[in-house]
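Heads up: the structure comes next, in structure tokens.
The values are calculated or read from the model by the stated rules, or taken from the named source; none is laboratory data. As the structure is a computational prediction, the values presented were derived from the model and not from experiment. Counting neighbours? That spans all protein chains shown, and the Cβs are built from the backbone with ideal geometry, glycine included.
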Amino acid sequence: MKNILIVLALTLFISCSKDDEPIDFITQNDQEIMDYITTNNLNALKSASGLYYVIDNPGSGKHPTTTDNVKVTYKGYYTNGSVFDENTNGIEFNLQQVIKGWTEGITYFKEGGSGILLIPAHLGYGNSGRGNIPGGSVLIFDINLISIN
């Protein structure tokens, strides 16, 4: 019995090695975003959460809150320019039902405003990814906030 416990303990120890630990993309994503900002000569701000954003047009309406329903158009792409999603007709949703980068980032715009959200993985789809978006991906969105409903 004692030998079985030792074997189980060793197996558990080996299976929990550093190779199995999730990758922390925060530093890598931050560098990728800063390189993108420099290459594209953007005037971006960074929030405390690690979200970068660019206000191209602040808009003239009110700011949404993180619980509001909004209507936006957007284009989503990676730092290499490859587009993974786009909506040019306008889509409505509640800001509590989207990735954290959108929940936070869209509140920086006023109604009628537009700009760019540069979202690190921890505010997007994390280390696992989702659908065709690989884990650890930096996501960039051109956002137009049409209305707050």
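Figures for the structure shown
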quantity: Pick from region 67-105, criterion over 19 Å from SER49 (Cα atoms) and among the hydroxyl-bearing types (Ser, Thr, Tyr), ranking: farthest from the chain's Cα centre (by Cα); calculated: THR88
quantity: Candidate set from region 106-131 (those that are touching a strand residue (DSSP E or B) at 6+ places or on another chain (Cβ under 6 Å) and over 20 Å from ASN57 (Cα atoms)); member that is surrounded by the fewest Cβ atoms within 10 Å (Cβ to Cβ); calculated: TYR125
quantity: Among (1) surrounded by 16 or more Cβ atoms within 10 Å (Cβ to Cβ); (2) over 30 Å from ASP24 (Cα atoms), the one test that ILE143 misses; calculated: (2)
quantity: Any chance LYS100 is basic (Lys, Arg) and in contact with a Lys or Arg (Cβ under 8 Å, 6 or more places away or on another chain); calculated: no
quantity: Residues being assigned to a loop (DSSP other than H, G, I, E, B) and closer than 19 Å to PHE25 by Cα - total across region 106-130; calculated: 6
quantity: Only one of ASP30, ASP19 that is surrounded by fewer than 18 Cβ atoms within 10 Å (Cβ to Cβ), in a helix (DSSP H, G or I) and either among the aromatic types (Phe, Trp, Tyr) or modelled with pLDDT of 95 or more (or both); calculated: ASP30
quantity: Output for region 29-44, where each listed residue is more than 14 Å from the chain's Cα centre (by Cα) and touching a residue at least 40 places away in the same chain (Cβ under 8 Å); calculated: ASP35, TYR36, ILE37, LEU42, ALA44
